[in-house]
Structures are given as C-alpha cells and as structure tokens.
1. Label residue 267 and residue 166 with points 7 Å out from Cα along Cα→Cβ: what is the distance between them in nm?
2. Sort 134-143, 176-185 by packing, meaning the average of other beta carbons within 10 Å per residue, with the highest value first.
3. Assuming 0.36 nm per residue, please report the length gained on full extension of the stretch residue 240 to residue 156 beyond their Cα-Cα distance.
4. If packing is taken as the average count of other Cβ atoms within 10 Å, what order do 248-261, 222-235 fall into, highest mean first?
5. For residue 173 and residue 259 in the same chain, what is the full-extension length gain: residue separation times 0.36 nm, less their Cα-Cα distance, in nm?
6. Given labels modelled 7 Å from the Cα in the Cβ direction, how far is it in nm from residue 185 to residue 137?
7. Mark the label point 7 Å from the Cα of residue 252 along Cα→Cβ and return the residues of region 166-195 whose backbone N is within less than 15 Å of it.
8. Work out the FRET efficiency for residue 148 and residue 52 from their Cβ-Cβ distance, taking R0 = 30 Å, and round it to the nearest 0.05.
Ligand SMILES: [Zn+2]
C-alpha cells in the first residue's frame with residue numbers, strides 16, 4: 001500500500017470511514033516557498049498545532065500541499081521538498097477547523113461500521129443482495145457460495161474474514177471487467193487494466209497508464225452504487241481531476257450520479273465492516 005497515493009491520481013467517491021484529503025485550493029496558495037536558508041537543516045517531521053499532531057511528508061515530486069486523515073486517524077501533511085515550515089504551518093493553521101471536523105466525522109463513522117461475527121444466519125451482501133451464512137462441517141473449500149447462501153467450513157471460522165476477502169476479490173475479477181465493458185460506452189473510455197484489491201478507505205481509483213483500481217468491498221454494494229464508482233473511475237481516464245469538465249462528463253455518462261453518490265456517502269458504511 002505504500003506509495004499507492006503516488007500511483008493513483010486522486011480519491012474517488014468517499015468510502016466511510018474514508019481517508020480524507022484536502023488539497024491546496026490553488027497553485028498560488030501552494031507555490032513553493034523559496035525561503036533563503038531552507039533546506040539546510042533537516043525539516044522537522046511533525047507539526048503540533050491546536051492539540052493535533054501532523055506528520056509532515058515531503059516529496060520532491062509533489063508541487064502542492066495536501067492534508068490527509070489516514071485510516072488510523074493520523075494527520076499527514078504532504079508537501080514539496082522545499083516548502084518552508086513557516087508557510088506550511090500557516091497553511092495547516094487555516095485548515096484546523098476542517099481537520100477537527102473530519103476527525104470527528106471519521107470517529108462517528110467508525111463507530112457505526114458493522115463487525116461481522118461469522119455466525120450461522122448472519123447475512124453477507126453480494127452486489128446488494130443479502131445471503132445467509134451457513135456453517136458446515138465438511139466442504140472441499142473453506143468458503144463457498146451456492147447462489148443462495150454462503151457456506152463456511154467450521155474449522156475455518158477463525159480465518160473467515162480472509163476467506164470472504166478472497167471470495168469478493170475473485171468475484172470482482174470476474175464481474176468488474178464485464179461491467180466496465182458494458183459501462184465503457186457511457187463514459188466513452190476503456191481501461192487498459194482493471195485491478196481488484198484492498199484500497200484502504202477508497203472504493204476505487206484511477207492510476208497511470210489507463211489502469212483503474214477497485215476495492216474488493218465494492219462487490220458488496222448494490223449494483224446501482226457499484227456502477228456509480230465504475231463510471232466515476234472510467235470518467236477519470238479522460239478527466240483526471242475533479243474539475244468542472246470532470247463533473248460535466250460524469251453527468252453526460254450518468255445523469256443521476258448525484259443521487260447515487262449521496263446514497264453511497266450515506267449508506268457506504270454498511271458495507272465496510274466485512
Ligand atoms: Zn474521482
């Protein structure tokens with residue numbers, strides 16, 4: 001997962017509890033400060049402001065400032081190598097309210113996430129349809145879906161989470177390329193590669209070289225919401241950033257994208273526990 005943020009262009013539909021990022025609003029705001037003497041001493045790794053600790057992550061490739069709340073709640077400021085601590089602190093100070101609010105929202109979302117227990121009768125979603133879990137004594141594989149129920153072998157209950165993750169990943173590797181092919185006509189874009197894996201707190205992302213990435217958890221979403229994430233990422237193949245051109249293209253591809261996005265923001269948490 002390290003370096004993933006660099007491989008992917010940006011966040012997609014918020015995935016609760018998300019990794020929140022606030023990018024600098026303008027290039028001017030984030031222009032690299034050319035402060036005399038900066039770069040002589042090693043830059044401090046942390047910034048403490050208003051009772052919050054911010055880890056400063058510098059990169060020679062980065063040109064703008066960004067503030068992120070990581071999945072574990074850590075606050076990270078990504079900055080260009082040469083950004084002065086003074087400017088960096090001023091920028092972070094102007095975003096303290098956002099940081100406090102985002103942390104509070106993240107904590108509330110995490111408290112609401114479902115924690116599966118993998119007990120008989122518990123239901124698990126596959127593309128929005130709930131399927132009951134049955135624990136069985138013998139089964140040729142640890143976890144099986146018979147089209148109606150999930151069957152889990154009793155002696156594998158301790159590793160049930162891993163088995164579900166693998167199952168959803170395999171299901172996504174079959175379903176997502178087919179679905180993308182169907183939806184590609186709407187977005188007028190075809191990905192070079194589709195990757196299904198763990199994306200932390202993002203549902204999907206668009207990488208370089210025309211690859212798009214989907215979280216395996218996407219396979220739990222109702223098709224209507226999964227479609228929103230797919231079309232969102234397909235649209236990024238041509239429009240990389242969330243500018244007006246991106247939203248206009250998304251609107252052409254999926255006129256009711258707003259309702260779907262709102263539903264995903266509101267209900268996404270339901271599919272985050274497993
Ligand atoms: Zn996006």
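Rule-based calculations on the coordinates, nothing more; no lab input. Everything numeric in this text was worked out from a predicted model, so none of it was measured. Counting neighbours? That spans all protein chains shown, and the Cβs are built from the backbone with ideal geometry, glycine included.
1. Modelled inter-label distance: 3.1 nm.
2. Numbers: 134-143: 13.2, 176-185: 15.5.
Put in order of decreasing packing, that is 176-185, 134-143.
3. Working: separation 84, 0.36 × 84 = 30.24 nm, distance 4.26 nm.
Answer, rounded to one decimal: 26.0 nm.
4. Details: 248-261: 16.0, 222-235: 22.6.
By packing density, highest mean first, the sequence is 222-235, 248-261.
5. On the way: separation 86, 0.36 × 86 = 30.96 nm, distance 2.68 nm.
That works out to 28.3 nm of additional length.
6. 5.2 nm
7. Counting backbone N atoms under 15 Å from the label point, the list is 184-190.
8. Details: r = 49 Å, r/R0 = 1.64.
Rounded to the nearest 0.05, the efficiency is 0.05.
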